[in-house]
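Report on the following structure.
The values are calculated or read from the model by the stated rules, or taken from the named source; none is laboratory data. Note that the structure is a prediction, hence the values are computed from the model and not measured. Every residue, glycine as well, gets a Cβ built from its backbone with ideal geometry; the counts of neighbours run over all protein chains shown. The protein model used for the area step is the full one, side chains on, heavy atoms only, and it has no ligands, DNA or RNA in it. Shrake-Rupley method; radii C 1.70, N 1.55, O 1.52, S 1.80 Å.
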Amino acid sequence: PSKTWRIKPSVPISPAAEKVHGISMDDLRDCPSFADVANEIREYFEKAEVIIGYNVEFDISFLQAELQRVDQPPVLFNKKSVVDPYVIWRKSEPRNLSSAYERFVGKTMSNAHAAEDDVAATGEVLQGMLESFNLKDLSWEKLGQFCQSSRSQWIGPTYHLQWKENSVVFGFGKHKDRPLREVLEEDDGGYAAWLMRSDFPSHVKAIIQETPRRSQSELKTWIEEQFGNA
């Protein structure tokens, strides 16, 4: 049997997310909150002996975080058989360069991990991939977008801070995808202080310092002037 829970979120659904899954806030207007059904969902997973999901570690961590938010104990997945086709695929067909060379070039690498040979092999693997996946007509720009679709959203040279709907958001860590300003306003100073004393890039620290001092529009202008990619 199949069971689906539709849950009304506690924050608005972003336009980008709605574009992906096609579910609007209106669709969920009369649905329960997660807190209303958390116990039912938790019991469902507690009873299960085998969990099957594609790249399921993401889903498990998501569920555990939501349970914690509503003061529910976590599900002990380490007591269950968690089966992930993605992991099976990755382990059965390793994704290292030697394996890619065998698959897409049809030969065995003779000198793996020698820098010049690795570079040459990577070029041959790329040619084989473009042929196999029918990507050979794409421009370098399109291939770059295909490989790193989020890079255009980076602020500065690293992924740590990014643009999302005209807001600066974290690109890493426990606050990933959350607006920087929102996190700093909630923070008692501990997280911001940790970021400032840790080995993060200088542009990240500069933006953290400037965010409380400027309005949204002023910050955007300042970032554009400093880093050229607002």
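The figures follow:
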item: Of all accessible heavy-atom area on segment 151-230, the percent that carbon and sulfur account for (1.4 Å); result: 46 percent
item: Heavy-atom accessible surface of segment 41-84: percent carbon and sulfur, 1.4 Å; result: 54 percent
item: Stokes-Einstein D (µm²/s) once Rh is taken as the Kirkwood radius of segment 77-152 over alpha-carbon pairs, at 20 °C in 1.002 mPa s; result: 146 µm²/s
item: Rg to Rh quotient for segment 1-47, alpha carbon positions, Kirkwood Rh; result: 1.03
item: Extension gain (nm, one decimal) between D187 and E224, 0.36 nm per residue minus Cα-Cα; result: 10.7 nm
item: Contour minus Cα-Cα distance for V37 and Q68 (0.36 nm per residue); result: 9.8 nm
item: Separation between Cα centres of segment 171-222 and segment 60-110, rounded to whole Å; result: 31 Å
item: For segment 122-189, accessible area per residue (1.4 Å probe, heavy atoms of protein chains only), Å²; result: 67 Å²
item: Hits among lysines - C-alpha to C-alpha of K220 under 29 Å, sequence gap 8 or more where chains match; result: K19, K142, K164, K174, K176, K205
item: For the chain, the longest site-free run once chymotrypsin sites (Phe, Trp or Tyr not before Pro) in DSSP loop states with at most 14 other Cβ atoms within 10 Å are removed; result: 55-132
item: Estimated [θ] at 222 nm from DSSP helical runs (n ≥ 4, -39500 (n - 2.57)) normalised by residues in the chain, nearest 500; result: -14500 deg cm²/dmol
item: Gyration tensor (alpha-carbon) shape descriptor, the chain, a/c threshold 1.5; result: oblate
item: Sites matching GluC sites (Glu not before Pro) across segment 5-66 that sit in DSSP coil, with at most 14 neighbouring C-beta atoms within 10 Å; result: E49
item: Gain upon complete extension [K80, T122; 0.36 nm per residue less C-alpha separation]; result: 11.2 nm
item: Charge dipole magnitude, Cβ of K and R +1, D and E -1 - the chain, Cα centre, debye nearest 20; result: 160 debye
